[in-house]
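**Q** Let me begin by handing over the structure; questions about it come next.
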Amino acid sequence: MRSVTIIMLLLLAMTTSALTQGACHGKDSIQYQALMSLYNATGGSNWTFPSWMSGYAWGTTSDYCTWLGVSCYPYTACAVGSLQLNGIGMQGRLPTEMSSLTSLVRFVVYQNNLLEGRIDFALDRMEVLDLSGTHIAGSLNFSSSAGCKLWDLGLSGSAIGSLDISGCQSLTYMDIGYSAVTELEISGNYSELISLVASSNNLTDMPVGLCQPQLQLLYLDHNHYTDADMIPCLRRLKNVTRLMIQHNELSKLDFSHWEWDHLGYLDVSYNKLSGNTNNWYFPSLTSLLAAGNSFSGYVPAYISPVITNLYLADNNLSLFQGFESQMLVLDVRGNPITYQADPSLVPNWEILTRDTDGFICPTLGLDGTLLTIMVSKSFYEGIDVCMYAGWD
């Protein structure tokens, strides 16, 4: 019995020792000190984490791998690999001690708009970096990294002015919209890139290497593009599902010759586009926004078999022939439209409201779907109308 007791005590001691070694205890460790420097320098006592995030408050336990927003890869090595600190209210400058986090591959601090400083650490191993909505400034140079590992980069609304992603061929998601980036260095083709957001940036044209045919999401709105040739991949986007090029100065886009078979959302509003809409057809399109141009011809209500939203205000469209039964929103205000429709295509139409000014009239279809028709005084014999479309 005595021998059994001794064996059990030895096993318990071994287990306790293993647990102690495996847990990341040590207030004297470099990683612990680096994290506490970040906490103290950026108002950690006022941070607010979301309720769904699990872990201990920073500094309340010596096991820093269990702190909120901290992940260690692997845990037993006590190496901080990820910091998920977005939108928690960080204020202040990033401390120089951050360079001690030699295993950091993921640094996410977006929506901390009072966070300042520079990123001069971990660029050679960083995989995910999101500084969106911060005041972190300076430059990011990944070209000197031995085999850039970056695949997700978010700089939207940040103060980063210079960016060199030469060699980052694994880049998959990139957002430089509304940022301060004025210098962009690239090399090669970014064949893994599927999402590119470059809204309202300071670049004069789209670098060829970034404009790849495999893109699924492309945002180039609120820029100064005047010609489609300034966006070299536009005609080759066979996989694009969402395309935003509104608020530019484009004067010509020949939609009838472009193979956007997977495109579901297209916004070309407020450019200088013109031409006939009669031959437009996109099989997967659910939403088209083309207001504020000079398009002519029919209202392209049959542009797609799945279309639900058409925003076509302030064009030169002259003829309306009805629309698909699943339509939810139709905005044709400010067009010199003559109403011509086959009753069999648009059954159960009734004039409900008349007014002398353009307005929005929400109605409810007979099948319970919401239908909003936005019309102007030129729509129905010079009288504004809201019409009730019921579908059998």
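**Q** Residue by residue through segment 28-48, note down the ones that are β-branched (Val, Ile, Thr), surrounded by fewer than 17 Cβ atoms within 10 Å (Cβ to Cβ) and touching a residue at least 60 places away in the same chain (Cβ under 8 Å).
**A** Ile30
**Q** Among the residues of segment 278-290, write down those that are surrounded by fewer than 22 Cβ atoms within 10 Å (Cβ to Cβ) and assigned to a loop (DSSP other than H, G, I, E, B).
**A** Quick first cut of segment 278-290, residues surrounded by fewer than 22 Cβ atoms within 10 Å (Cβ to Cβ) only: 278-281, 283-284, 286-287, 289.
Answer for segment 278-290, where residues must be surrounded by fewer than 22 Cβ atoms within 10 Å (Cβ to Cβ) and assigned to a loop (DSSP other than H, G, I, E, B): Asn278, Asn279, Trp280, Tyr281, Pro283, Ser284, Thr286.
**Q** Here is a further query. Is it the case, given these coordinates, that Pro232 is at pLDDT below 90, touching an Asp or Glu at 6+ places or on another chain (Cβ under 9 Å) and either buried (at least 16 other Cβ atoms within 10 Å of the Cβ) or in a loop (DSSP other than H, G, I, E, B) (or both)?
**A** Answer is yes for this residue.
**Q** Here's something else I'd like to know. Restricting attention to segment 139-186, which residues are among the aromatic types (Phe, Trp, Tyr) and over 20 Å from Gln111 (Cβ atoms)?
**A** Scanning segment 139-186 gives Phe142, Trp151.
**Q** Here are the criteria: (1) buried (at least 18 other Cβ atoms within 10 Å of the Cβ); (2) in contact with a Ser or Thr (Cβ under 6 Å, 6 or more places away or on another chain); (3) outside any loop (DSSP other than H, G, I, E, B). Tell me which single one Leu163 does not satisfy.
**A** Evaluating Leu163 over (1) buried (at least 18 other Cβ atoms within 10 Å of the Cβ); (2) in contact with a Ser or Thr (Cβ under 6 Å, 6 or more places away or on another chain); (3) outside any loop (DSSP other than H, G, I, E, B) leaves (2) as the failure.
**Q** A follow-up question, please. Looking at segment 32-48, which of the residues that are within 30 Å of the chain's Cα centre (by Cα) and hydroxyl-bearing (Ser, Thr, Tyr) is farthest from Gly92 (Cα to Cα)?
**A** Looking at residues that are within 30 Å of the chain's Cα centre (by Cα) and hydroxyl-bearing (Ser, Thr, Tyr), I get Thr48.
Let's see how each residue does on (1) surrounded by 15 or more Cβ atoms within 10 Å (Cβ to Cβ); (2) under 28 Å from the mean Cα position of the chain (by Cα); (3) more than 23 Å from Cys148 (Cβ to Cβ):
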{"residue": "Pro50", "(1), (2), (3)": "no, yes, yes"}
{"residue": "Thr66", "(1), (2), (3)": "yes, no, yes"}
{"residue": "Glu116", "(1), (2), (3)": "yes, yes, yes"}
{"residue": "Asp120", "(1), (2), (3)": "no, yes, no"}
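**Q** Please pick out the residue among Leu266, Leu310 that is crowded, with 21+ Cβ neighbours inside 10 Å and within 20 Å of Ile194 (Cα to Cα).
**A** On inspection, the qualifying residue turns out to be Leu266.
**Q** Something else now. Going through segment 162-178 one residue at a time, which ones are within 17 Å of Ile119 (Cα to Cα) and among the β-branched types (Val, Ile, Thr)?
**A** If the condition is that a residue be within 17 Å of Ile119 (Cα to Cα) and among the β-branched types (Val, Ile, Thr), then Ile165, Ile176 are the ones that fit.
**Q** Which one of Ser191, Ser187 is in a loop (DSSP other than H, G, I, E, B), farther than 22 Å from Asn86 by Cβ, out of contact with any Lys or Arg (no Cβ under 7 Å at 6 or more places or on another chain) and modelled with pLDDT of 90 or more?
**A** That would be Ser191, the only listed residue that is in a loop (DSSP other than H, G, I, E, B), farther than 22 Å from Asn86 by Cβ, out of contact with any Lys or Arg (no Cβ under 7 Å at 6 or more places or on another chain) and modelled with pLDDT of 90 or more.
**Q** Looking at Phe107 and the list (1) of a type in the set (Phe, Trp, Tyr); (2) touching a helix residue (DSSP H, G or I) at 6+ places or on another chain (Cβ under 6 Å); (3) in a strand (DSSP E or B), which single condition is not satisfied?
**A** (2)
**Q** Still on this structure, I have one more. Pick out the one residue from Asp227, Asp261 that is among the acidic types (Asp, Glu), more than 22 Å from the chain's Cα centre (by Cα) and at pLDDT below 95.
**A** On the way: Asp261 fails: more than 22 Å from the chain's Cα centre (by Cα).
None of the other options fit; the residue is Asp227.
**Q** While we're here: Report yes if some residue within segment 205-217 is farther than 22 Å from His135 by Cβ, buried (at least 20 other Cβ atoms within 10 Å of the Cβ) and not aliphatic (A, V, I, L, M); otherwise report no.
**A** For segment 205-217, residues farther than 22 Å from His135 by Cβ, buried (at least 20 other Cβ atoms within 10 Å of the Cβ) and not aliphatic (A, V, I, L, M): present.
**Q** Please go through segment 194-229 and give me each residue that is of a type in the set (Ser, Thr, Tyr), in a loop (DSSP other than H, G, I, E, B) and under 15 Å from Leu155 (Cβ atoms), ordered by number. Explain how you work it out, then say what you get.
**A** Taking segment 194-229 first, the residues of a type in the set (Ser, Thr, Tyr) are 195, 199-200, 204, 219, 225-226.
With the extra rule that they be in a loop (DSSP other than H, G, I, E, B), the set shrinks to 199-200, 204, 225-226.
Hits for segment 194-229 are Ser199, Ser200.
**Q** Does Ala198 satisfy being farther than 24 Å from Leu243 by Cβ and either free of Cβ contacts under 8 Å to residues at least 12 places away in the same chain or aliphatic (A, V, I, L, M) (or both)?
**A** No.
**Q** What are the residues in segment 194-220 that are among the aliphatic types (A, V, I, L, M) and at pLDDT 90 or above, if any?
**A** Answer for segment 194-220, where residues must be among the aliphatic types (A, V, I, L, M) and at pLDDT 90 or above: Ile194, Leu196, Val197, Ala198, Leu215, Leu217, Leu218, Leu220.
**Q** Going through Gly138, Gly59 one at a time, which residue ends up being on the phi > 0 side of the Ramachandran plot, surrounded by fewer than 16 Cβ atoms within 10 Å (Cβ to Cβ) and modelled with pLDDT of 90 or more?
**A** Gly138
The values are calculated or read from the model by the stated rules, or taken from the named source; none is laboratory data. Please read all numbers here as calculations on a predicted model, not as lab measurements. Reconstructed Cβ throughout: ideal geometry from the backbone, glycine too, with neighbour counts over all protein chains shown.
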